[in-house]
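Heads up: the structure comes next, in structure tokens.
The values are calculated or read from the model by the stated rules, or taken from the named source; none is laboratory data. As the structure is a computational prediction, the values presented were derived from the model and not from experiment. Counting neighbours? That spans all protein chains shown, and the Cβs are built from the backbone with ideal geometry, glycine included.
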Amino acid sequence: MLRRYVQVAALLALILVEVPAAVVSFSLLVLTFGLGVVPLLPLQVRLARQVAEHRRRLVGEWLGIRIDSPYLPKPPPPQRQADGMYRSHRTLYKSPRVPAWNDRWKWLVTDPATWRDCVWLVLDPVVKLGLLPLFLLLPDRGLRVYGMWCELVLSATAASRLAGQVSHLQRVRNLAADTQSAEMRRIERDLHDGTQARLVAIGMTLGAVEQLVDTDPAAAKALLSKAKEASSETLTELRTVIRGIHPPVLAERGLADAVRALAIDSPLRVNVDVDLPHRPEPPVEAAAYFAISELLSNAARHGGAATATVDLSGNGSDLRISVIDDGMGGADPAKGSGLMGIERRLAAFDGVLAVNSPPGGPTTVTMNMPKVLPYHWAGNLPKLPRWKGVLVVTLWLTAWCPLFPQGIVAGIFKAIGFEEKAWFLALYMPEPWQWPVILFMIALGCAMYLTATLLPVCHNRDRWWAEATPRRLWFSR
């Protein structure tokens with residue numbers, strides 16, 4: 001209770017900051033739109049957003065109410081056209097400064113969160129003073145009401161969430177495209193510098209054999225032997241390139257066996273632990289495989305490691321991968337050691353990479369790819385409680401009675417004027433009540449069947465939704 005009173009006192013003390021901030025913010029708005037001092041708007045927005053962000057963080061820490069930032073994503077920088085100019089609406093500029101300013105102005109003015117922050121900044125001191133009696137008598141309830149007020153005004157809207165998702169998908173798409181381009185350049189370089197050069201050499205050797213076969217058969221035979229060796233080496237290099245595109249063992253045997261095969265070919269002593277009851281989707285397998293391959297290669301070439309451990313497991317619907325080596329450590333994604341490429345590869349699946357590599361080692365790299373595993377085996381799904389199971393069975397066994405004999409059949413007897421009442425309950429009712437009872441029985445039977453169907457569906461609605469609409473989002477590459 002004392003802690004709540006301290007929090008209430010802190011909130012009330014913040015009025016001393018909010019009132020001057022509201023006055024300054026309002027003055028900047030007047031100067032911006034009243035006197036045309038346009039450069040002052042970013043200052044006003046920055047001030048209001050800093051105060052609002054501080055309050056979102058405070059409400060989250062004190063009350064456990066998470067309030068996400070509602071601001072629309074920043075506009076991308078202006079793109080230079082083929083003629084070297086920058087376009088802003090119908091005007092061309094030599095410098096990107098003015099188009100960038102126009103985009104930033106439009107972003108600030110058209111973002112609804114900008115004006116919601118201003119409204120909150122003006123009204124928040126009034127709301128806190130209005131809640132003062134509740135703060136003093138029931139501080140916990142008062143703080144909860146205040147948190148609801150902040151959530152109402154400062155939370156993200158559907159439009160801002162959608163804009164954030166679109167921006168995130170655009171970034172992921174660009175990263176995926178960049179990764180694909182890098183892979184294509186690597187394959188082109190490997191084919192040009194390796195396989196193509198060897199094939200040209202084989203062709204030149206065969207040309208020399210053609211000239212020497214009549215005059216110097218022994219030399220021609222020696223050249224043929226060299227051409228044969230070169231063709232074998234070329235075939236080996238070509239198989240290496242193919243494995244770099246998509247290893248056949250990965251397509252045929254899955255991620256677990258592909259990583260085990262990778263461990264056998266690695267110069268390190270690699271221990272592989274796999275706990276995946278089912279195979280992930282092929283794109284997920286490819287991303288995980290090449291990430292592990294890159295990490296083992298880095299450990300052998302740059303880390304001076306002798307042993308490594310690879311662990312693949314599922315945590316619910318998340319794929320967890322950890323690679324530990326006993327190298328010298330010091331791995332840093334900012335140094336371009338291949339870790340940035342792995343981050344780009346994982347970003348297509350919202351994956352994250354965590355590196356712990358102190359000087360002297362060991363190096364631990366953990367990768368997490370969320371919601372990429374089939375949901376039907378992701379963890380232990382909640383079982384239907386016994387009372388719900390009994391209710392479902394009872395409904396299925398008894399729903400036929402009101403629907404068919406007491407409803408549909410009784411309605412048919414009533415319609416044709418059959419005088420035999422038998423055991424139809426509705427026909428024993430007074431005349432004005434017979435049809436309403438018949439319709440009620442039909443509705444009751446349908447409701448019982450519907451309830452028996454929806455109970456298990458609602459209990460495992462996440463699984464049913466996942467099976468109805470698979471969570472697969474592929475990007476055109």
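So, in segment 79-100, of the ones that are of a type in the set (A, V, I, L, M) and assigned to a loop (DSSP other than H, G, I, E, B), which residue ends up farthest from Met148 (Cα to Cα)?
Among residues in segment 79-100 that are of a type in the set (A, V, I, L, M) and assigned to a loop (DSSP other than H, G, I, E, B), the one farthest from Met148 (Cα to Cα) is Ala82.
Condition check: out of contact with any strand residue (DSSP E or B) (no Cβ under 9 Å at 6 or more places or on another chain), surrounded by 15 or more Cβ atoms within 10 Å (Cβ to Cβ) and in a helix (DSSP H, G or I). Does Ala230 satisfy that?
Taking the combined requirement at face value, the residue satisfies it.
Considering only segment 47-79, state which residues are at pLDDT below 85 and among the basic types (Lys, Arg).
Result: Lys74, single match.
Residue-wise test of (1) part of a helix (DSSP H, G or I); (2) over 30 Å from Asn298 (Cα atoms); (3) in contact with an Asp or Glu (Cβ under 6 Å, 6 or more places away or on another chain).
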{"residue": "Leu353", "(1), (2), (3)": "no, no, yes"}
{"residue": "Pro358", "(1), (2), (3)": "no, no, no"}
{"residue": "Lys371", "(1), (2), (3)": "no, no, no"}
{"residue": "Val390", "(1), (2), (3)": "yes, yes, no"}
{"residue": "Ala426", "(1), (2), (3)": "yes, yes, no"}
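Between Asp124, Asp117, Asp103, which is in a helix (DSSP H, G or I), free of Cβ contacts under 8 Å to residues at least 60 places away in the same chain and crowded, with 17+ Cβ neighbours inside 10 Å?
Going through Asp124, Asp117, Asp103 in turn, the sole match is Asp103.
Based on what the data block shows, is Val270 in a strand (DSSP E or B) and under 28 Å from Phe349 (Cα atoms)?
Judged against the criteria, Val270 is a match.
Here is a list: Leu250, Leu206, Leu235. Which entry is more than 53 Å from the chain's Cα centre (by Cα) and at pLDDT below 85?
Exactly one of Leu250, Leu206, Leu235 is more than 53 Å from the chain's Cα centre (by Cα) and at pLDDT below 85, namely Leu206.
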